[in-house]
Structures are given as structure tokens and as C-alpha cells.
Amino acid sequence: MSRIETEDPRQARPRCSDPGPRAGSRDEDLALLAGGDLPPAEAARLEEHAAECPACRELLAGLRRSAAALALLAGDGPAADPASLARVRDGIRAGVARIDAERERTAVAPPRWALAAVLLVALLAAAVWLRSGPGGEAGPVHRPDRGPAAGSPEVAVAEAPPEPTARPDRARETGAPPAAGGESPDPPPTVRPPSDRIARAEPSTGPPPEPAGPPSIASQPAGAPREARPGGPQITIRVVSDDPDIVFYWLVEPEENRDEDAVSS
Amino acid sequence: MAETGDSEMDDGGAAVIGADDAIVFGRRGDGGGAAGESSRAERAGRFDEIVRLHERRVLGLARRLLGRREDAEDAAQESFLRLYRAFDRLDPGRPVLPYLYRLTVNVCRDARRRGRRLSPLAVPLDDVPPAREPSAEGADPARAAGLAEERRIAEAALRTLPEKQRTALVLRDLQGLSTGEVAEAMGIAEVTVRTQISRARLKVKEFRDRALGGVPGVEERTS
């Protein structure tokens, strides 16, 4: 019975007398030497060793023949086909046109959140205007054209907020009684109607001013001058939701301030 | 340089433009040097010039790394399109070719991960390029045939290599990049590149020895 054994070429060839610090390191150094990738001093030492070591001399010669064969493949190789290059160029041209078109669409269109915020502000402004009514008798939200009385606690909006606003659902559920009949709102000459501020409000792109959680009620000194009113101060409650772009403003008539205070604490 | 996935600009966004690209981007300070300041038409013209200068190299590299012509063409297209998307961030003071190589290496790696594996040992005869010595081919057909066989064996040897070894060897020995440029293109350390190319050369040598039948130490024993 005959056996044919094929040995690993590295095992079959004569062994180097100085193989280096780890297995295969001498071979790897010779491979670097064959490709010109050793520093000059190190290359000179290895050449000197190979001159005296048959194993390394043989391996180095084989590596150099292999490098010469690889050099036949150097350059563009099979990529020199003109038809292949033409297909690549056509694909690049089409891709560039697609990228340019995408960039133009992105540059022209406003962000979706901006459009949504503007729409929400418009809806809230319309809702506030409809709920306020001609005599101020409907619901807890009244025309925003009243000012607080002098000396009364004053909860009002600070300088015009950048965020869009919306009525708070919680406030609607309080069922505040309508104002007494016969009382008509006085147009304030100096107070800008919050509904206008709401309509002109712009969405904020910054980080949320408050963490998510139950809506908070901000109590701030009034940022705009208000005239003294006989019925008492108007209270504006600002409710910040977990979305920084949505802020609710609750406008309360003077007769309802005591009720709102009991509910909203 | 940090290893990155599909993002090639993680090194600070400063890709480079080399001496052969100087005519594309002009000199610094002449008002037209920064790619980011150019109009779209100017940008398109400059990009076209870069494509013209480097399309063969990029396609050749992709072909070496992926094997199939169709896959290489797709990879070359994608490499240039990725360059175009990042075009405004290019630094006119640095060469662009290493960056292009890196894009191509990443695109080819992504293609292999999607299942477009390098074809194994078989190399179609019509994919073997013509001999590099046409005069020898005409004067000595036997020599030409020998060279063709050498090329075929070398191509086949490349395809047996692991991905990183093949990439490093192709960039160093076929594309002519320095070990530092290979390291930049592959996003690895230069010492790692040297290890990869040395092991790759040893394997190519062994493959060639087996293919040519010159393997020493083959023994036949009878018992």
C-alpha cells in the first residue's frame, strides 16, 4: 500500500538557523524585504543573513519570483475596458443628477415641524376667538383684551413667547361659570392681545425648557403694561407641555380668578 | 485613523487633493480654491475632472477586490457618488486619491457583506488581461503564453487571500501605494498593514509554488 504525503512547503524546506523571536517572524521579514518594505538598515542585515542561510536564501528567491508575477498585474488591469468605463461614467452622471435634485428639494421645502406648528397656532387662535364670544359669557377663556386691576396678584405672560400656544385640555374641564351678564370687555389700548401673540408665535428649535411630566404653571411678572380694571386683574396661565413647541395659555376673567386659584394650585 | 463604517469623514472631514488634482481645484487664495464656495456648475466641472483622472484606478481596485466586472462597476460608481456627496467638505490642500481609495475599500467591503463574494479560484480566460510585453508576445509566443499563465496564477492566488490581506496586497503591490497610504485607505495602523502584506506575499508565493509544481518536499512513500 502506497501513501502519498504532501507536506507544507514551509515545513519541507531547510530550516533557518535564526528564525527570529516568534514563529514565522523571519519569513514575514523576508516577505517585507522582497517587496522593499524594510528600513534600509534592517534590510541590509537580513540580506546579509540570507546570504549565509540556505533556507532564507531559497525563500527570499521564491518571494521575489512571486513579486515579479504579481507585478504583471500592476496598474489598471482588467479595468482598462472602455465599455466598462463608459458604464461607470453613465452611472455616476445619473447619480449626480439624483443627488442634486434631492439637495434642491431639501433646500426649498420648509421643515415639516414648522408647517405643523404654524397650522396648530392658527387653529388655536381660531378656537380662542370663537370661544370668547361678543359678551365674554362663553367658557373660561375670554377676550385677551383685559388688564389686571392694580394691587391684585398678577399672573401673566412674560415677553412674547417664541413658542406656538394652545389651550390646555385640563383648563377646559374646570367648567368655569360664564361671566356676569351685561359686562362687556374694555379694549385695552396698550396690551397686545394674546391671541395675536399666539398667531404670530414662531416655533422653537431649542431643547425643551422643562422635563416631561405634568404641565407646569409659570408665574411671571407681566411683561407689558396693563391698565387697572374695575373687575379685578386678568390672569393668564401659561402651561408648558413636554413638547417645547407647544405651550398653552389660559386666560381667565376676573370673576373666575378665585375658582381658578382653587383648581389650579 | 479610526475605523469607520459607512462614514468616511470621521477623520475630521479633511479629505485631500493631490498634486495631480491641483488643476481641478486651483491654487489656494485665488478665490476659487475652496470647493465649498463653488457654484454647482463649477463643482460639477471639478468633479468630472476628478472622475476622469481616477476612474481607472478606482475601477481597477474594485475589480481586484470583488472579482466580477458588474460588481466592480457598481462599486466604482458608488465610490465616486460618495465622494460627490462629501465634495464641499474636501480640503483643497490635500490629495483626494487616498480618500477615494478608502471610499472604494469601504464600498467593496459593504458589497461583500451583502453577499457579493469574490469568486473563488476559477478565473475566466477572457478576464485575463493581455501580456504586458506585446513585443515579446509577437516575437516569442511561448514566452507570451508563460506570462499569461503567470498572470492567471497570480490572479487566482489573490482570490484565495482573506479580505484584509488581499486589500492590503492589492493596494501596495498592484496600486503602488505606500504602506502609510494603505493604512489610510484601510483605516488601520501601518504596522498592521505590514503584517497583512507580508502574510499575503507568503501565501501568494506558496500558491504559486503549488500551481507551478515546484513545491519542494513532496514525497511518495510505500509501505
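Across region B:91-97, computed HN-Hα scalar couplings (Karplus, 6.51 cos²θ - 1.76 cosθ + 1.60, θ = phi - 60°) run 8, x, x, 10, x, 9, 4 Hz from first to last residue, x flagging Gly and Pro. In this structure, B:Glu149 and A:Trp113 have a Cβ-Cβ separation that, at R0 = 56 Å, corresponds to a calculated FRET efficiency of about 0.30. Averaged over the residues of B:61-72, the number of partner chain Cβ atoms lying within 10 Å of the residue Cβ comes to 2.
By its C-alpha gyration tensor, with a ≥ b ≥ c as the square roots of the eigenvalues, how is region B:143-185 shaped: rounded for a/c under 1.5, else prolate for a/b larger than b/c, else oblate? It comes out oblate by the Cα gyration axes.
Leaving ligands and nucleic acids aside, the A/B contact buries around 5100 square angstrom of accessible area in total at a 1.4 Å probe radius. Counting Cβ atoms of other protein chains within 10 Å of each Cβ in A:30-42 and taking the mean gives 4. Amide H contacts for B:Arg94 (H built 1.01 Å from N in the peptide plane; partners 5 or more residues away or on another chain; cut-off under 5 Å): B:Ile17. When each of the peptides B:56-63, B:94-101, B:145-152 is scored by the mean number of other C-beta atoms lying within 10 Å of its residues, the order from highest to lowest reads B:56-63, B:94-101, B:145-152. Annotation: amide H of A:Val239 within the under-5 Å range of A:Phe248, A:Tyr249, A:Trp250, sequence separation 5 or more or interchain, hydrogens built in the peptide plane.
The values are calculated or read from the model by the stated rules, or taken from the named source; none is laboratory data. For clarity, every value in this text was computed on a predicted model and none was experimentally measured. Glycine gets a Cβ as well: all are built from the backbone with ideal geometry, and neighbour counts include every protein chain shown. To get the accessible areas, we keep the full protein, side chains included, count just its heavy atoms, and leave off ligands, DNA and RNA. Shrake-Rupley method; radii C 1.70, N 1.55, O 1.52, S 1.80 Å.
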